[in-house]
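Each remark here refers to the structure printed beneath this line.
The values are calculated or read from the model by the stated rules, or taken from the named source; none is laboratory data. Everything quoted here is computed from the prediction, not taken from an experiment. All Cβ positions, glycine included, derive from the backbone under ideal geometry; neighbour counts span all protein chains shown.
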Number of protein chains: 2
Amino acid sequence: MDSPSDANEKKEKIGRYPFMAEPFQVDFCGRLPVPILGNQLLNAADFHSKERGFGIPTLQRENRTWVLSRLAVEIREMPRQYESYTVETWIEGIFRSFTSRNFCVCGSDGRIFAYARSVWAMIDLASRKAIDLVPLYGADFSGYLCPEKPCPIGKPGRIAVKDAAEVLTLRPAYSDIDINGHFNSIKYIEHVLDLFPPDRYRTSRVRRFEMAYMAESYPGDELAFRMEKTGEEAYNVEIRKNSSEAVCRCRVEFDGKA
Amino acid sequence: MDSPSDANEKKEKIGRYPFMAEPFQVDFCGRLPVPILGNQLLNAADFHSKERGFGIPTLQRENRTWVLSRLAVEIREMPRQYESYTVETWIEGIFRSFTSRNFCVCGSDGRIFAYARSVWAMIDLASRKAIDLVPLYGADFSGYLCPEKPCPIGKPGRIAVKDAAEVLTLRPAYSDIDINGHFNSIKYIEHVLDLFPPDRYRTSRVRRFEMAYMAESYPGDELAFRMEKTGEEAYNVEIRKNSSEAVCRCRVEFDGKA
């Protein structure tokens with residue numbers, strides 16, 4: 001079902017979507033958990049692109065879809081139980097095979113909760129190959145580019161995983177699988193944060209979280225999680241499927257106060 | 001943070017709350033999963049009681065809270081990706097130590113997606129003992145009782161688990177724990193449905209789901225899941241902590257068509 005606004009009528013460059021930290025979804029500190037925020041970032045990206053005529057439902061009719069390639073989230077503080085927040089999202093740039101979309105998560109009083117950066121590729125659903133975006137949308141992305149809006153956090157970088165120890169293996173469960181039959185992008189984040197004992201979150205909070213999505217995984221795959229400590233409060237995690245291909249890598253940085 | 005409407009101004013007996021099957025939360029059949037619907041039922045219950053002056057934030061100031069004791073959901077069909085649905089909720093009855101709250105999940109065209117029944121106790125946060133509701137709210141629950149609204153599904157019944165085999169053990173992870181420091185009611189449902197291989201959901205769907213919450217579990221507990229087949233398409237599951245106390249029991253009935 002497309003919303004009536006899934007048409008190419010001219011819209012503001014920046015989309016703004018209101019959400020609330022739902023009572024039964026906050027963590028034991030009473031704060032919005034990172035995976036729930038991640039899901040709302042993806043919702044905001046989806047609503048913004050749908051309203052401007054290049055959303056997933058439109059693309060699917062043309063046998064194409066958006067694929068999330070990178071995500072970096074930097075958190076100042078998380079909304080508390082019942083607290084409202086707005087996810088602002090806009091397109092920063094367009095390149096041959098990917099586009100960068102940024103986010104600002106703010107409160108009704110203008111307080112900044114978090115910033116995020118994401119990188120998306122468009123693929124052909126038959127060949128699974130990346131599509132050149134410039135001929136499709138033009139270098140100005142139909143006038144929706146908004147590089148002037150600041151997003152004062154570092155871009156997602158290369159995540160190297162060398163001397164990591166295996167800390168978990170699992171097979172995708174029903175709740176892990178998304179509508180495309182792949183492991184859900186957000187569920188990877190949930191599993192990675194669950195590698196740390198719950199008590200860790202009493203004394204520290206996630207300051208920055210970064211994901212690099214590299215390959216798809218499916219029901220039946222065996223996923224192995226390997227983790228290494230790379231700094232006082234920083235960890236890199238690599239997830240490989242079936243003892244071979246890396247499906248994603250991520251980096252978690254904690255802040256030593258809750 | 002309480003909403004401005006967390007006051008005892010007179011409201012309709014039936015609360016109606018709109019939701020949407022979010023794009024990245026639907027399952028690989030493109031349908032709303034049972035745990036996500038379960039979370040929205042709890043949200044609706046929370047909003048309804050808050051707006052009428054007996055919500056959890058109000059109770060917490062009086063050192064009390066609501067505790068979910070039973071939940072039964074019967075599903076005709078689940079909303080599809082992007083589909084809007086409304087959760088209607090109302091109080092059916094009030095008894096000495098519990099109250100029953102029902103739900104109807106319907107589409108904008110009046111189509112019924114699901115009905116649900118729930119049973120809640122109110123406990124004193126210090127003694128953890130149930131509080132007698134009748135002196136507190138009167139036998140008519142301040143005029144909010146609505147037994148005349150139909151909820152044409154069976155009440156949650158007794159769930160017996162006899163010759164069950166252990167199918168999973170786990171320790172609560174960060175994402176399993178709610179704001180009270182207990183295992184999240186909805187996360188139990190997710191773990192139980194994940195006991196079945198993903199392929200099961202290609203050929204069948206959950207027709208009825210029932211939970212009996214009996215005790216609380218915490219980080220550090222070891223939870224053992226035991227399951228038995230009780231009919232052609234029916235399964236009972238019991239979750240015990242630390243090889244002793246049962247924390248919850250549930251019953252899943254599938255329908256042999258997706």
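When the range A:75-120 is examined, which residues are found to be farther than 23 Å from A:Pro35 by Cβ and within 14 Å of chain B (Cβ to nearest Cβ)?
Correct list: A:Ser108, A:Asp109.
Identify, from the list B:Glu92, B:Glu77, B:Glu88, the residue that is in a loop (DSSP other than H, G, I, E, B) and modelled with pLDDT of 95 or more.
The unique qualifying residue is B:Glu77.
Out of the range B:179-192, which residues are farther than 16 Å from B:Asn236 by Cβ and either among the acidic types (Asp, Glu) or more than 8 Å from every other protein chain (Cβ to nearest Cβ) (or both)?
B:His182, B:Phe183, B:Lys187, B:Glu190
Any residue in the range A:235-258 that's closer than 13 Å to A:Val206 by Cα: show its pairings with residues that are in a loop (DSSP other than H, G, I, E, B) and polar (S, T, N, Q) at Cβ separation under 9 Å, as long as the two are six or more apart or on different chains.
Taking only residues 6 or more apart or on different chains, the pairs are A:Phe254/A:Ser204; A:Asp255/A:Ser204; A:Gly256/A:Ser204; A:Lys257/A:Ser204; A:Ala258/A:Ser204.
Can you give me the number of residues within the range B:95-139 that are of a type in the set (D, E, K, R) and surrounded by 19 or more Cβ atoms within 10 Å (Cβ to Cβ)?
The qualifying residues number 2.
Using the structure shown, decide if B:Ser142 is assigned to a helix (DSSP H, G or I) and either basic (Lys, Arg) or surrounded by fewer than 20 Cβ atoms within 10 Å (Cβ to Cβ) (or both).
Answer is yes for this residue.
State all residues of the range B:150-178 that are within 14 Å of chain A (Cβ to nearest Cβ), touching a strand residue (DSSP E or B) at 6+ places or on another chain (Cβ under 9 Å) and either in a loop (DSSP other than H, G, I, E, B) or buried (at least 19 other Cβ atoms within 10 Å of the Cβ) (or both); if no residue qualifies, say none.
Within the range B:150-178, B:Arg171, B:Pro172, B:Asp176, B:Ile177 qualify.
Does A:Ala212 satisfy the condition of being surrounded by 15 or more Cβ atoms within 10 Å (Cβ to Cβ), over 27 Å from B:His182 (Cα atoms) and more than 14 Å from every other protein chain (Cβ to nearest Cβ)?
yes
Which condition does A:Leu195 not pass, out of (1) within 13 Å of chain B (Cβ to nearest Cβ); (2) crowded, with 20+ Cβ neighbours inside 10 Å; (3) more than 17 Å from the chain's Cα centre (by Cα), if it passes all the others?
(2)
With the condition kept exactly as written, say whether any residue in the range A:17-40 is loosely packed, with under 15 Cβ neighbours inside 10 Å and modelled with pLDDT of 95 or more. I'd like the intermediate steps shown before the answer.
Of the residues in the range A:17-40, the ones loosely packed, with under 15 Cβ neighbours inside 10 Å are A:18.
Filter again for modelled with pLDDT of 95 or more, leaving A:18.
Yes; the residues of the range A:17-40 include at least one that is loosely packed, with under 15 Cβ neighbours inside 10 Å and modelled with pLDDT of 95 or more.
I'd like to know if the range B:208-225 contains one or more residues that are outside any loop (DSSP other than H, G, I, E, B) and of a type in the set (S, T, N, Q). Full working, then the answer.
Here is the first cut: in the range B:208-225, the ones outside any loop (DSSP other than H, G, I, E, B) are B:208-213, B:223-225.
Narrowing the set further to residues that are of a type in the set (S, T, N, Q) leaves none.
No, the conditions are met nowhere in the range B:208-225.
Considering only the range B:182-193, I want to know if a residue exists there that is out of contact with any Phe, Trp or Tyr (no Cβ under 8 Å at 6 or more places or on another chain) and assigned to a strand (DSSP E or B).
no
Being of a type in the set (A, V, I, L, M, F, W, C), modelled with pLDDT of 95 or more, within 30 Å of A:Glu245 (Cα to Cα) and not assigned by TED's automatic domain parsing to the domain that holds A:Asp46 narrows it down to one residue among A:Ala160, A:Ala173; which is it?
A:Ala173
Would the range A:75-94 turn up any residue that is small (Gly, Ala, Ser), buried (at least 17 other Cβ atoms within 10 Å of the Cβ) and within 26 Å of A:Cys250 (Cβ to Cβ)? Walk me through it before giving the result.
To start, the set of residues in the range A:75-94 that are small (Gly, Ala, Ser) comprises A:84, A:93.
If we keep only those that are buried (at least 17 other Cβ atoms within 10 Å of the Cβ) as well, we get none.
Within the range A:75-94 (the criterion being small (Gly, Ala, Ser), buried (at least 17 other Cβ atoms within 10 Å of the Cβ) and within 26 Å of A:Cys250 (Cβ to Cβ)), the answer is no, since none of the residues qualifies.
Which members of the range A:226-258 meet the condition of being part of a loop (DSSP other than H, G, I, E, B), under 28 Å from A:Pro79 (Cα atoms) and touching a strand residue (DSSP E or B) at 6+ places or on another chain (Cβ under 8 Å)?
If the condition is that a residue be part of a loop (DSSP other than H, G, I, E, B), under 28 Å from A:Pro79 (Cα atoms) and touching a strand residue (DSSP E or B) at 6+ places or on another chain (Cβ under 8 Å), then A:Glu233, A:Lys257, A:Ala258 are the ones that fit.
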